[in-house]
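The block underneath contains the structure these notes are about, expressed in structure tokens.
Nothing in this text is a laboratory measurement; each read-out follows from the coordinates by a stated rule. Here the structure is a predicted model, which is why all the values come from computation and not from measurement. Every residue, glycine as well, gets a Cβ built from its backbone with ideal geometry; the counts of neighbours run over all protein chains shown.
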Ligand SMILES: [Zn+2]
Ligand SMILES: [Zn+2]
């Protein structure tokens with residue numbers, strides 16, 4: 001296997017490390033980011049987790065830290081980017097041709113703390129990415145409404161809206177409400 005160089009510093013290289021007992025990866029000597037080969041990861045996961053309960057992404061809305069696409073330290077191609085979709089959502093960089101995930105220093109630990117460490121394959125799926133995007137859209141719309149009306153008014157508006165939806169003559173009610 002060719003030597004892996006990290007772009008963070010001229011002489012930075014990746015050295016073997018253990019993320020978990022039995023889970024080997026490579027860590028950059030300078031920026032401490034981690035390169036994880038999916039075949040190694042899958043072997044570790046399948047050995048330690050026989051059944052995985054279903055999980056849903058729970059991303060926060062709001063602005064994400066901007067980050068640029070990275071070149072794979074192994075093949076040099078641009079890596080694909082995937083939102084993790086947990087509360088502190090961050091991007092995972094994944095090289096499909098080398099089957100490697102690149103995590104910044106501390107991101108593996110964040111995945112572990114949020115219980116997502118065994119779900120890397122799920123996170124890298126199109127279905128998960130779509131769900132994260134949909135949830136982010138809903139929660140940022142909620143934030144806009146909350147900023148506009150305030151929490152109490154927003155709850156009242158939602159209650160009235162739900163009630164209105166059940167009224168057969170809701171159009172008349174709305175017309176009446178809109179009258180000065
Ligand atoms: Zn580095
Ligand atoms: Zn690659």
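Measure nothing fancy, just the Cα-based angle from helix 38-48's long axis to the longest principal axis of the chain, in degrees from 0 to 90, nearest 10. The helix 38-48 is inclined about 80 degrees to the chain. Once the Cβ-Cβ distance of residue 113 and residue 18 is raised to the sixth power relative to R0 = 30 Å, the FRET efficiency obtained is 0.95. Taking 0.36 nm per residue of separation and subtracting the current Cα-Cα distance, fully stretching the chain between residue 126 and residue 30 would add 31.3 nm.
Against the main long axis of the alpha-carbon atoms of the chain, helix 126-149 sits at an angle near 40°. Can you bin the chain into rounded, prolate or oblate? Criterion: square roots of the alpha carbon gyration tensor eigenvalues sorted a ≥ b ≥ c, rounded for a/c under 1.5, prolate for a/b above b/c, oblate for the rest. In terms of gyration-tensor shape, prolate.
For segment 1-102, the mean projected area of the C-alpha convex hull, equal to one quarter of the hull surface, is 7.6 nm².
Helical content of the chain, expressed as a calculated mean residue ellipticity at 222 nm, amounts to -12000 deg cm²/dmol (DSSP H runs of 4 or more residues, -39,500 (n - 2.57) each, divided by residue number, nearest 500).
Normalising the average separation of contacting C-alpha pairs (under 8 angstrom, six or more residues apart) by the number of residues puts the relative contact order of the chain at 17 percent. Treating r as the C-beta distance of residue 172 and residue 134 and R0 as 30 Å, the FRET efficiency rounds to 0.30. Across q = 0.13, 0.19 Å⁻¹, segment 79-127 modelled as identical point scatterers on its alpha-carbon atoms has Debye log10 I(q)/I(0) values of -0.25, -0.56, in the order of the q list. The ranking of 94, 149 by Cβ neighbour count inside 10 Å, starting from the fewest, reads 149, 94. Taking Cα atoms, how many degrees apart are the long axis of helix 151-165 and the longest axis of the chain, rounded to 10 and kept between 0 and 90? The angle comes out near 70 degrees. For 46, 104, 93, the sequence from fewest to most other C-beta atoms within 10 Å is 46, 104, 93. For segment 72-163, the Kirkwood hydrodynamic radius comes to 15.5 Å, computed from all pairs of different C-alpha atoms.
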